[in-house]
Amino acid sequence: MGEQAVTPTGPDGDTGPDPTGPAADTGGGSGADGGGVDRAAPATGATTAGMTADGRPAASAGVPGAGMTADAGGTGTPRELTADLVPGPGGVMTDEVGVVTGELTLLTRYADGQVTLTVQYKDADEWYAVTGGTAKLADPADLDAVHTVAVALLHRPEG
C-alpha cells in the first residue's frame with residue numbers, strides 16, 4: 001500500500017484531530033463510528049491490532065490473534081459455507097438416500113485438509129453426503145472457489 005492520509009470525520013460531519021498529529025490513529029481501524037478511527041483508543045500510543053493504513057508498522061496491540069492468518073496450521077477449526085439451490089432434472093445424487101430433488105441447501109465444509117459437500121432438503125435437519133463430493137484441499141483459502149463451482153454445477157432452477 002502507498003502512503004494514505006486518513007481524515008477522520010465525526011458523526012456531526014466535522015473533521016477530527018489532525019491526521020498527522022501525535023494523537024492520530026494511523027492504524028486505519030474501522031472504528032465504532034465508521035470514520036476509520038477507533039475513538040475509544042487512547043490519544044497517545046493508540047493500538048491497531050496489527051493493522052496499518054500508511055505503511056508504518058503498527059504498535060503492539062496486545063490483542064489475542066492479532067496478526068495471525070486463518071488456519072495457519074492447515075487443520076484449524078472447520079470452515080463451512082452454505083447456499084440454497086434448486087437442482088436441475090435428475091436432482092443431486094447422495095450416498096445415503098440416492099437422488100434428492102426440490103429446494104435444497106448445499107453445505108461445503110473444509111476440515112482436516114479435505115472438502116466435503118453435503119445437501120439437505122431446505123430447512124430440514126438431516127444432511128446427506130453428495131456422491132463424489134469429497135476431495136483433498138491443500139489450501140483452506142480455496143474453499144470459496146470450490147463452493148462457488150459446486151453451486152454453479154448444482155443450481156439449475158430452469159432445468
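Below are the figures for this structure:
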quantity: Given (1) free of Cβ contacts under 8 Å to residues at least 40 places away in the same chain; (2) open to solvent by 70 Å² or more (accessible area, probe 1.4 Å); (3) assigned to a loop (DSSP other than H, G, I, E, B), number of the condition ASP84 does not satisfy; calculated: (3)
quantity: Matching residues in region 146-159 - criterion: being open to solvent by less than 30 Å² (accessible area, probe 1.4 Å) and either in a strand (DSSP E or B) or closer than 15 Å to GLY91 by Cβ (or both); calculated: ALA150
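The values are calculated or read from the model by the stated rules, or taken from the named source; none is laboratory data. In this text the structure is predicted, and so the values were computed from the model without any measurement. Cβ sites come from the backbone with ideal geometry, for glycine too, and all protein chains shown count toward neighbours. Side chains included, ligands, DNA and RNA excluded: accessible areas come from the protein's heavy atoms. Shrake-Rupley method; radii C 1.70, N 1.55, O 1.52, S 1.80 Å.
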